[in-house]
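To keep things clear, I will list the structure first and then write my remarks on it.
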Amino acid sequence: MASAKQVKQLDRVIVRFAGDSGDGMQLTGDRFTSESASFGNDLSTLPNFPAEIRAPQGTLHGVSSFQVHFADHDILTPGDAPDVLVAMNPAALRANLGDLPKGATIIVDTHDFTARNLTKAGYTDNPLDGDDLAEYQVHPVDLTGMTVAAVKEFGLSRKDAARAKNMFALGLVSWMYGRPTEGTEEFLAKRFAKVPDIRDANITAFRTGWNFGETTEAFVVSYEVKPAPMAPGTYRNITGNLALAYGLVAAGVQSGLPVFLGSYPITPASDVLHELSKHKDLGVTTYQAEDEIAGVGAALGASFAGHLGVTTTSGPGLALKSETIGLAVMTELPLLVVDVQRGGPSTGLPTKTEQADLLQAMYGRNGESPVPVVAPQSPGDCFDAALEAARIAITYRTPVLLLSDGMIANGSEPWRIPETDDLPAIDPAFATGPNEGDAFMPYLRDAETLARPWAVPGTAGLEHRIGGLEKGDGHGNISYDPANHDFMVRTRQAKVDRVADSLPPLEVDDPTGEAKVLVVGWGSTYGPIGAACRRVRRAGGHVAQVHLRHLNPFPKDLGEILARYDKVLVPEMNLGQLSTLLRAKYLVDAIGYNHVRGLPLKAAELAEAIGELVASADGVELDLSGAGHVTRDADPSGPATPVTQEATR
Amino acid sequence: MTTDLGIPAARTGTDGVPALDPDAPKQTGKEFTSDQEVRWCPGCGDYAVLKAVQSFLPDLGLRRENIAFVSGIGCSSRFPYYLDTYGMHSIHGRAPAIATGLATAREDLSVWVVTGDGDALSIGGNHLIHALRRNVNMTILLFNNRIYGLTKGQYSPTSEAGKVTKSTPMGSVDHPFNPISLALGAEGTFVARTIDSDRKHLTSVLSAAAAHRGTSLVEIYQNCPIFNDGAFDAIKDRDTKDEAIIPLVHGEQIRFGTPGEDGLGPKGLVRTAAGGVEVVEVSDVDAADLLVHDAHTDDPTTAFAISRLTDAGYLHRAPIGIFRSVERPTYDDQARAQVDLAQGERTGSRDDRLASLIGGGDTWTVV
């Protein structure tokens, strides 16, 4: 009976589901996320999976995991260290154990702890038998066995029956945290509508898992994490790739242009192609090209035709697209280039995150080839960033690089759905007639933006030729004139620099106004940096944070802001690419904080680095060790385990 | 899983491209000529093709602003600058990719690609074969001079083996492409070959290519007087051309060689037991066995066999004309039809549909 069990309050929990690539851990995590979202928690997720589709079963290579951080307050990261690990096999346990703090809860599927699987995972002895896990709260449960028994009535093969074990696990963890279950049942009913036996088995496994938690003596406590206060509005949970795709659709609607996506499948960007291919009714054409170059080439051709040309890729694809982006710079046509960054160089770490393409985006072309660069800071923010990138591309007739990354592409968070009336209008302002007497000058510029006219084929009287050879100022014919080239190179740069005129002032988060240390970030490090700054502030330190959406050009007030602080720290998932740019442009002694592990920065570690800098700048001592003393801890490295982390509110 | 595309009947010819008002004065070649000075070498075959295109474009009866030329890099790729239409001189090898976006985005455009043997068959080979396979509505003029001209004389993917050039002082060891065979292998729906110096043939082939819906590939033998002069002398020289050119005319017997009293050549083609075709003396075979050219047959096998009669080495003999011209739904028509189909099922404004898209899924409201 539920009433017989104790319910404890928690302010936040991090759960990680881990299993074999084929165990359905991404789906399980996704469902748990949806349950938490509909319950009203703030949340942040971190899917983590191998590049191999089905790596050898039971091996460390094949471990796939999904981490969900949910809270009764505003949180910024998916969390450094899980409070709860669900391990479906020995490999999942071994691969994730190192991330767990002492006291963490571990639920293992004992069924898979066979001699063979233990050997595959590199265990000589069963860790469940000895003292290896003494520091954790281990719950050995025969998830597979109980699942198979529970779904017996549906007459599935043993293999199919066992496949529902992820839903058993989901049911159990859903019970532990009082998650609503209707959404998952509806989801399963819909997903397996065509195979009633599988549908019923999954729903039964899910319910059985829940009931097991409620009745077994093994779990004596369940937990409650109350909804988080959020700004009024309608919310949904959204991944970065989905938000980015929606942003592109919205950019088409807001500009009145059809959207043309030319793309080639690449991890982790393919989901944007998949999503956009579903929205033809909104005027979106998707073209799966023969290669990356053809993808961007077709997009540029569509831009020439008067569509919003878009291409989506990751780092290796961006390298291949460089020459065409250069052509877009020269022809001064709007073009959106989305790079969902992954670990590099070369093929690197396809399914892991990194932000090491910034300099490629900035400089990865021949000649003086400036391109505006925009980066989203969180999954939901991908929507706004895509709209902003489109605004710049269309207004300034230029290719724009949009730098997302694997973490925000696959990660999710609650997103307040914007009112479409509030979205910015984008005016394509096509050329409709001559612009100098009776003549049409394709390279005559707008005085404010320096943009050239966008005259699309089909417009009588504006026939003109563009191309990769240097253009003569105004008339746009081929010109080898030295002075003209110098002028045009400077003008293309000046045009990109003019984008800064349209940017709002930066928002510096410096609550006390006494900070001497400024932390500057860009892209997906927003969460870890924000969480780390909160920790430092809770320990009494003063630190300021500014996060850049625009990497090229930089906002006009950035130089002045940097000059205000004694120390500037730049945390990045690369070896210091933004800090290189800041040093070059502002002669600021930017200090790097750099990790390239294919994973998000850990807030606790970053807080230590910020804390040290703050301590030396202010001549004080900061003790960051006791994060647990703050109940409303916004970062993941709080108390060791939720069992002891009862809310005091 | 596959699905019936349910695409409406294929459109034909230049359907969708606005035509001139029938009462409007006829356009002239001059109107299609831009104010830019033509900068090819004296004697270059490109001049003849440009002139032919400038004078035949008005005959299409299409609005000039609805014609777009896209080129890559190379001597011939300067072509768009000299035509007063919309144009883009793009980057090396990529013109078919860019033209695919242009053609897919806009049914109302007549899209042309101008490319060369290096541009189309070397650096841009991938885009060429994929455009052909997709059958995107564009006309590709492939100027084949069998040499790299703009980079000053290296061998190209159509140069004959053994060719001595700046980059192959001991002779090229590369085996050349036969562009027609390649295009047929990629299932091109319109594949033809013509010669820069034969204005009449060039114009007739280009007219047919322009009228074809889908990807039309026209290989144009084009002489480079600077780096590969005389490459096509055998088929151009008055004394040798009758023996060198195998003319392909749909529905007619394929005959060549110095014409006899009946005006027909003494040589013809017959099928071989191995499935190919071979040249025979007409007098040696039963007249019923002589091959009659059928460009419209769906099976490209015979067209391919005929294409193999082209010399791979120095050119002494080549079939000229339209090898294949068949109807197949085009990529761009089908892609647009899918968008139209989806839009036909919509309700509400684009704005409302955006709102329901982003507001879909599982949502919750905070008051």
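Can you flag which of A:Lys8/A:Lys602; B:Lys26/B:Lys200; A:Lys159/A:Lys190; A:Lys516/A:Lys602; A:Lys471/A:Lys495 are past 25 Å Cα-Cα?
Over 25 Å apart, Cα to Cα: A:Lys8/A:Lys602.
Which one, B:Val280, B:Thr301, B:Ala312, projects farthest toward the positive side of the charge dipole computed for the stretch B:264-313 from Cβ point charges (K/R +1, D/E -1)?
Projecting each Cα onto the dipole axis, the largest value belongs to B:Ala312.
Collect residues whose amide H, placed 1.01 Å from N in the peptide plane, falls under 5 Å from the amide H of A:Asp74; neighbours closer than 5 in sequence don't count.
Amide H neighbours of A:Asp74, under 5 Å, 5+ apart: none.
Amide H to amide H, which residues 5 or more places from A:Val108 or on other chains are under 5 Å from it, using H placed in the peptide plane?
A:Ala87, A:His139, A:Val141
Per the helix-only calculation at 222 nm, which mean residue ellipticity applies to the protein assembly as shown, given -39500 (n - 2.57) for every DSSP H run of n ≥ 4 and division by its residues, nearest 500 deg cm²/dmol?
Dividing the helical sum by the residues of the protein assembly as shown leaves -9500 deg cm²/dmol.
With +1 on the Cβ of every Lys and Arg and -1 on the Cβ of every Asp and Glu, and nothing else charged, how large is the dipole of the stretch A:6-224 about its Cα centre, in debye rounded to the nearest 20? Working shown, then result.
Working: 20 positive and 30 negative charges, 162 e Å.
My answer is approximately 780 debye.
Mind checking the log10 I(q)/I(0) for the protein assembly as shown at q = 0.06, 0.08, 0.09 Å⁻¹? Debye, one equal scatterer per Cα, no solvent, two decimals.
-0.54, -0.88, -1.02
Answer with one residue from A:Ala189, A:Thr45, A:Leu27: the one whose Cα lies farthest towards the positive end of the charge dipole of the stretch A:6-224, charges on Cβ with Lys, Arg +1 and Asp, Glu -1.
The one lying farthest along the dipole's positive direction is A:Ala189.
P(r) for the stretch A:508-642: what percent of alpha-carbon pairs falls in each 10 Å bin, starting at zero?
That works out to 13, 45, 33, 8, 1, in percent per bin.
Averaged over its residues, how many other protein chain Cβ atoms are within 10 Å of peptide A:274-284's Cβ atoms? Mind dumping the intermediate values first?
Working: counts 0, 0, 0, 1, 2, 5, 10, 12, 8, 6, 2.
Mean shielding by partner chains, rounded to a whole number: 4.
Which of A:Lys226, A:Lys352, A:Lys190 has the fewest other C-beta atoms within 10 Å, and how do the rest follow up to the most?
Numbers: A:Lys226 17, A:Lys352 22, A:Lys190 9.
Lowest to highest Cβ neighbour count: A:Lys190, A:Lys226, A:Lys352.
Per residue, how big is the convex hull of the stretch A:236-422 when only Cα atoms are used? Give it in Å³.
Numbers: hull volume 18.1 nm³, N = 187.
Residue-normalised Cα hull volume stands at 97 Å³.
Using the Karplus curve 6.51 cos²θ - 1.76 cosθ + 1.60 with θ = phi - 60°, what ³J(HN,Hα) values do you get for each residue of the stretch B:276-290, in whole Hz, with x for Gly and Pro?
Listing the rounded values in order: x, 10, 9, 7, 9, 7, 4, 5, 8, 10, 5, 4, 5, 7, 5 Hz.
Quote the charge dipole size of the protein assembly as shown about the Cα centre in Debye, to the nearest 20; the model charges only the Cβ of Lys and Arg (+1) and of Asp and Glu (-1). Display every interim value, and only then the final one.
Numbers: 89 positive and 127 negative charges, 74 e Å.
The dipole of the protein assembly as shown has a size of about 360 debye.
Can you tally the net charge around B:Asp196? Count Lys and Arg as +1, Asp and Glu as -1, for every other residue whose Cβ sits under 15 Å from the Cβ of B:Asp196. Could you put the intermediate results ahead of the total?
On the way: positive: B:Lys51, B:Arg146, B:Arg193, B:Arg199, B:Lys200, B:Lys236, B:Lys241; negative: B:Asp46, B:Asp117, B:Asp198, B:Glu219, B:Asp229, B:Asp233, B:Asp237.
Overall, the nearby charge balance is 0.
Name the residues whose placed amide hydrogens come within less than 5 Å of the amide hydrogen of A:Val568, ignoring near sequence neighbours (fewer than 5 apart) on the same chain.
Those lying under 5 Å, H to H, from A:Val568 are A:Leu518, A:Ile591.
Work from the charge dipole of the stretch A:452-587 (Cβ charges, +1 for Lys and Arg, -1 for Asp and Glu, about the Cα centre) and give the residue of A:Gly467, A:Met573, A:Val536 farthest towards its positive end.
Farthest towards the positive end: A:Val536.
Restricting to Cα pairs below 8 Å that are 6+ residues apart, what does the relative contact order work out to for chain A? Please round to a whole percent. Can you show the working numbers first?
Numbers: 1497 pairs, mean separation 87.7, N = 649.
The value is 14 percent.
If each residue's Cβ is checked for other Cβ atoms within 10 Å, how do A:Lys159, A:Lys152 rank with the fewest at the top? Present the calculation step by step, with values, prior to reporting the outcome.
On the way: A:Lys159 8, A:Lys152 13.
Starting with the residue having the fewest Cβ neighbours, the order is A:Lys159, A:Lys152.
How do the peptides A:254-260, A:460-466, A:128-134 rank, highest first, by the average count of neighbouring beta carbon atoms within 10 Å per residue? Before the final figure, lay out the partial values.
Values: A:254-260: 22.6, A:460-466: 20.1, A:128-134: 12.0.
In decreasing order of mean packing, A:254-260, A:460-466, A:128-134 become A:254-260, A:460-466, A:128-134.
Can you give me the Cα centroid spacing of the stretch B:56-123 and the stretch A:1-74 in angstrom?
Going from one Cα centre to the other spans 53 Å.
What does the charge add up to near B:Ser349, with Lys and Arg as +1, Asp and Glu as -1, over the other residues with Cβ less than 14 Å from its Cβ?
On the way: positive: B:Arg346, B:Arg350, B:Arg353; negative: A:Asp281, A:Asp421, B:Asp351, B:Asp352.
Combined, the nearby Lys, Arg, Asp and Glu give -1.
Give me the inter-chain shielding for B:81-89: mean count of other chain Cβ atoms within 10 Å, whole number please. Please report the intermediate quantities before stating the final value.
Numbers: counts 5, 1, 2, 3, 4, 12, 7, 12, 8.
Mean shielding by partner chains, rounded to a whole number: 6.
If you rank B:Tyr47, B:Tyr81 by fewest surrounding Cβ atoms within 10 Å, what's the result?
On the way: B:Tyr47 16, B:Tyr81 22.
Taking fewest neighbouring Cβ atoms as first place, the list is B:Tyr47, B:Tyr81.
Which aspartates and glutamates have a Cα less than 16 Å from the Cα of B:Lys166, not counting those fewer than 8 places away in the same chain?
Straight-line reach from B:Lys166, under 16 Å: B:Asp174, B:Asp229.
Remind me, what semi-axes does chain B give for its equivalent ellipsoid, largest first in whole Å, using sqrt of 5 times each Cα gyration tensor eigenvalue? Write down the numbers at each step before the final one.
Working: eigenvalues 313, 125, 93 Å².
Three semi-axes, in Å: 40, 25, 22.
Can you run phi through the Karplus equation (6.51, -1.76, 1.60; θ = phi - 60°) for the stretch A:58-68 and list ³J(HN,Hα) in whole Hz, with x for Gly and Pro?
Rounded to whole hertz, the list is x, 8, 4, 4, x, 6, 10, 9, 9, 10, 10.
Give me the dipole magnitude in Debye, nearest 20, for chain B about the Cα centre, with unit charges on the beta carbon: positive for Lys and Arg, negative for Asp and Glu. Walk me through the intermediate numbers first.
Values: 34 positive and 47 negative charges, 196 e Å.
Once rounded to the nearest 20, the dipole reads 940 debye.
Where a number appears in this text, it was derived from the coordinates with a stated rule and is not lab data. The structure presented is a predicted model; accordingly, all values stated were derived computationally and were not measured. Every residue, glycine among them, receives a Cβ derived from its backbone with ideal geometry; neighbour counts consider all protein chains shown.
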